[in-house]
Every structure is written in structure tokens, then in C-alpha cells.
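The next block holds one structure in the form of C-alpha cells; read it before the comments.
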Ligand code: SF4
């Protein structure tokens, strides 16, 4: 299948899965900055060192940024969810769970389309297990489903949004999450 048709098919199928916007851009347009790893190290999310897919366990930042450059295309998608107000933390958690679910459905979509070797990157943490096996020093339970975040690979998500023609923030009392699949 020619690339344009394949990209249109991926975007159309992803929109049916619940993404708000989706687009395919060249990987060369993805802004990378190792400083995003430093932000992870501040442990604002409380998961640093507690998930196999998060820093530092996910791997050396320079090696991961190098891995990104091995791909040609990036399918970028976002979810946007309405919140009751800006303190609706339960709503944010639910929105993130929904994002994780969509990310795994997109993984299945790529497998169905026969796109092998794609790198799936999600939104903060892995999200497959309620509690990551890292917390009990056990190996990952589902390596074929485990998903690192965009930030863990040094992706500037705000810049990624601009490159993909999307807004990073989508209005008051909403929460937006981003994911990407690198392939080709
Ligand atoms: S699949 Fe489970 S055990 Fe593996 S990294 Fe994700 S949350 Fe941790």
C-alpha cells in the first residue's frame, strides 16, 4: 500500500478508536531534548525508579533518542477529555486510563496492518498493570504490551504537538494526552 493511503487509513481507524486528533509526520520533525529526562528525575509524578518503562530503568537517554532516529514516520495522536473543573483529579486519572486503553488498541491496529517493529510511546508511565512489577523487583509481566512514555525517550511533547498540527492544551477544564507510534 502506498504511504499516503496507509497513513490515511491509520488516522481514520485511530479516530474511530477515540483519538481527538491524529496525524503522521516525518520522525525528523520530532523535537528531542535530553533535558526531558532531567524532568523525569525530579520525580514530580512519583514513579521515577518505580516502573520498568520509566527512567532510569527504561534505558540510557542518548541510546533511546538514537533509537527514535532509526524510524522514518511518526503517527502522533492525542486524546482530549472534559473535566468537571481543574481540580478534578479523578477525572484526570480516568482520562489517562482511557488513553492507555486507546494506546493498546492502536498497538493492535498496527499489528493488524502488518506494520512490524513499530515503537509505541505513550503518556507517562506504562499503564498496563495496576502496580508495576518493578516495585517488587520482579521482571516485567507483559513485555509485549509494556509502553514507555514520549518523555522517557526525550521527546518534547509540546513541540511534537506543534509539528503534528495539534494544540498542546485544548481549553479550560480539559486534559490532553499524547502518544506516538514510530515506524518505517
Ligand atoms: S507491563 Fe506491567 S510490569 Fe511491565 S512495565 Fe508495564 S506496568 Fe510494569
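Nothing in this text is a laboratory measurement; each read-out follows from the coordinates by a stated rule. Bear in mind the structure is a predicted one, so any value in this text is a computation, not a measurement. Glycine gets a Cβ as well: all are built from the backbone with ideal geometry, and neighbour counts include every protein chain shown.
Numerical summary
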{"item": "Value at 222 nm in deg cm²/dmol, rounded to 500, when DSSP H runs of n ≥ 4 in the chain each add -39,500 (n - 2.57)", "result": "-10500 deg cm²/dmol"}
{"item": "Residue order, fewest to most beta carbons within 10 Å, for 112, 2, 105, 151", "result": "2, 112, 105, 151"}
{"item": "Additional length obtainable on full extension of the chain from residue 108 to residue 50, 0.36 nm per residue less Cα span", "result": "18.2 nm"}
{"item": "Order of 71, 48, 153 - criterion: other Cβ atoms within 10 Å of each residue's Cβ, fewest first", "result": "48, 71, 153"}
{"item": "Gain upon complete extension [residue 144, residue 173; 0.36 nm per residue less C-alpha separation]", "result": "7.0 nm"}
{"item": "Normalised convex hull volume, the chain, alpha-carbon set, Å³ per residue", "result": "114 Å³"}
{"item": "For region 19-51 and region 158-184, distance of Cα centres in Å", "result": "11 Å"}
{"item": "Cα gyration tensor shape of region 89-131, rounded if a/c is under 1.5, else prolate or oblate by comparing a/b with b/c", "result": "prolate"}
{"item": "Neighbour-count order for 89, 36, fewest beta carbons within 10 angstrom listed first", "result": "89, 36"}
